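Structure first, then comments.
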Amino acid sequence: MWRKIFSPELLLLIGTFQALSPYILWAIQGLNPNYQYQLTYLPIFIWIFGYICFCLGAKIMKNKKLNSYGDFVKIDISRLKFIISIILFVIIVQIFRATQIYGTLPLYGYITGDIDVNTVNELQQNSGFGELGMLSVNLFFLGGLLLSLIIKSIEINQEINWFFLFASTIEILGTLISGKRQGMLIYIIYILCGLSIRFNEPLTALLKILKLPNNKILRLIILILGFVLLVFAVGFISFLRVDKGVEHSGINEIMNYLQFPLINLESQCQQIGLNPYKFNFVYPLINLLPFKLFDTFALANIDLPFRPEPTIGAGFYGTIHWGLGIIGIALCSFLFGSVSKYFYQNSFKRLSHLLIYCPISWTLLSAHTYNHFLNLIFIPIPAILFWLFCQIFNRSSLDLYKS
């Protein structure tokens with residue numbers, strides 16, 4: 001069941017439902033009073049049409065037996081821990097450098113009132129070329145390595161130890177350094193997706209490595225407790241970042257982040273309908289530029305859509321719709337479907353494909369807000385790093401002998 005849950009078609013279906021779910025809220029409570037926008041309902045067509053094209057793209061990949069065989073993680077566990085230690089050292093140095101950029105640890109600064117989210121955003125704009133972006137990339141890379149460590153530990157029946165717990169703590173703290181929650185969610189999905197595909201039951205795998213009894217009651221408790229803690233964390237971090245002292249409900253924050261992209265896409269459809277603003281093959285690709293180039297070059301040369309909520313995008317199809325219209329949505333969705341299904345099917349037998357598919361799974365699940373296929377630091381660079389890691393290190397002695 002878990003392997004099917006993490007299939008690309010089902011993940012994007014969940015993402016599509018999330019993207020369109022605010023219509024239900026607006027039908028019950030009325031439009032969001034904080035924004036001026038009208039309903040065209042064209043996003044419903046965009047999302048359904050895009051999903052159909054995505055499924056057609058996935059369909060051209062021949063179905064394969066979705067079974068894992070043999071040792072998946074071939075690298076010796078001590079060598080893997082050594083590599084993780086190097087990445088941890090680099091990340092700790094980068095976190096220290098980030099605190100110099102911000103003048104404090106932002107999460108701590110939010111609590112003490114020494115810094116606010118607007119100041120953090122301004123300091124990010126003024127940071128050195130690629131400094132904070134490379135911290136994010138290394139954190140994503142570390143997440144994949146820690147998934148590999150869990151899988152290897154289960155394969156050799158070794159109990160998880162303090163090293164993994166320490167590394168996971170650095171991973172989570174690093175993703176939360178500026179008070180943004182997406183990195184923490186990505187790490188959670190990395191682990192759930194990877195264990196679901198490798199072992200078909202992530203909770204059973206985790207209980208095994210933690211040497212805890214495996215029963216339905218304990219698994220249910222973990223699921224419920226994990227969901228409650230996650231919702232609480234979403235609300236608490238918002239409490240720290242914005243309007244400190246005002247209570248923020250995790251559920252309300254989740255509903256807001258579901259509404260914002262659809263509000264922006266509705267505004268975009270009101271401006272241009274289903275057609276592009278003007279055919280521009282560059283605009284959907286501008287997030288593949290390093291942020292500094294995007295900020296200084298691309299924005300000055302491209303007409304951007306008006307967005308009622310400027311701090312967030314217009315979902316999975318937003319930039320494609322603005323630059324290429326419905327034709328671009330069809331072509332890109334078909335391509336994304338093919339790529340996603342290729343890595344999904346091959347992730348059952350190759351670690352490199354699994355590590356690349358894990359960020360893809362987050363992209364599809366969070367499609368209501370993002371399209372990380374077209375974002376440099378979320379999929380392209382980590383995918384290259386995962387591929388290089390597996391080509392160089394994830395090889396058995398027999399593989400080395402053959403080469």
- [ ] Go ahead and run the numbers for FRET between Asn346 and Gln100, Cβ-Cβ distance against an R0 of 45 Å, rounding to 0.05.
- [x] 0.60
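Take each of the peptides 349-358, 17-26, 314-323, average the number of other beta-carbon atoms within 10 Å over its residues, and list them starting from the highest.
Details: 349-358: 23.4, 17-26: 17.3, 314-323: 27.0.
Descending mean neighbour count gives 314-323, 349-358, 17-26.
Tell me, what is the FRET efficiency for Ile222 and Leu331 to the nearest 0.05, using R0 = 41 angstrom and their Cβ-Cβ distance as r?
Given R0 = 41 Å and the Cβ-Cβ separation, E is 0.45.
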- [ ] With a Förster radius of 35 Å, plug the Cβ-Cβ distance of Leu289 and Lys59 into 1/(1 + (r/R0)^6) and report the FRET value to the nearest 0.05.
- [x] 0.60
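Of the listed peptides 80-88, 302-310, what is their order by residue-averaged count of other C-beta atoms within 10 Å, with the highest listed first?
Top to bottom by mean Cβ count within 10 Å: 80-88, 302-310.
Every number in this text was worked out from the coordinates using simple rules, so none of it is lab data. Computed from a predicted model, the values in this text were never measured in an experiment. Don't worry about glycine lacking a Cβ; one is built from the backbone with ideal geometry, like all the others, and counts go over all protein chains shown.
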